[in-house]
Amino acid sequence: MEMGLISKWAYLLFVVIAVVMGLVVGYMAWSEGGWNAVATVNGWVLLVLVVLGIIIGLTTITAKEVMPFLIATIALAVAAGANVWEPLCAIHDLLYFWATGILNYIVAFAAPAAVIIAIKEILTIAKEK
């Protein structure tokens, strides 16, 4: 199997893991009374996703994909920091926990990859000078 195809499937699998864990841990946080109640589980999930993000950053993003990936990661990080899901509490608190969990886990996966890719790009620019 071609490396590019493997990396695309790995990236998709890691995003699915982030979404599923966002649903699972978000439900746990909702039923336990908040994110502080599931801090240990949340920490382990974040650690796994950071490691997966590092793997993606080191292995899969091509030169053509750098700019779109970095822009998408910036957009995700801004959305996660802006707490855009707060109005969902008016409908049902669980929706808020699911949305924030999913978004936070996708950012936890994408951010380390973005940092590694940005460092690679800086090194590439420095070599060209």
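For Ala114, indicate whether it is within 15 Å of Gly26 (Cα to Cα), among the small types (Gly, Ala, Ser) and part of a helix (DSSP H, G or I).
Working: within 15 Å of Gly26 (Cα to Cα): no; among the small types (Gly, Ala, Ser): yes; part of a helix (DSSP H, G or I): yes.
Criteria not met by Ala114.
Given the criteria surrounded by 16 or more Cβ atoms within 10 Å (Cβ to Cβ) and closer than 19 Å to Val115 by Cα, does Gly26 qualify? Break it down into steps so the answer makes sense when it comes.
Working: surrounded by 16 or more Cβ atoms within 10 Å (Cβ to Cβ): yes; closer than 19 Å to Val115 by Cα: no.
Judged against the criteria, Gly26 is not a match.
Please go through the stretch 78-95 and pick out each residue that is part of a helix (DSSP H, G or I) and without any contact (Cβ under 8 Å) to a residue 12 or more places away in the chain. Outline the logic, then answer.
Keep residues of the stretch 78-95 that are part of a helix (DSSP H, G or I), which gives 78-82, 86-90, 93-95.
Answer for the stretch 78-95, where residues must be part of a helix (DSSP H, G or I) and without any contact (Cβ under 8 Å) to a residue 12 or more places away in the chain: Val78, Gly81, Ala82, Glu86, Pro87, Leu88, Cys89, Ala90, Leu95.
Here is a yes/no grid of residues against (1) at pLDDT 90 or above; (2) surrounded by fewer than 11 Cβ atoms within 10 Å (Cβ to Cβ); (3) in contact with a Gly (Cβ under 8 Å, 6 or more places away or on another chain); (4) aromatic (Phe, Trp, Tyr):
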site	(1), (2), (3), (4)
Gly57	no, no, no, no
Lys64	no, yes, no, no
Met67	yes, no, no, no
His92	yes, no, no, no
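The values are calculated or read from the model by the stated rules, or taken from the named source; none is laboratory data. What you are looking at is a predicted structure, and each value in this text was computed from that prediction instead of being measured. Here the Cβ is made from the backbone with ideal geometry for all residues, glycine too, and neighbour counts use every protein chain on show.
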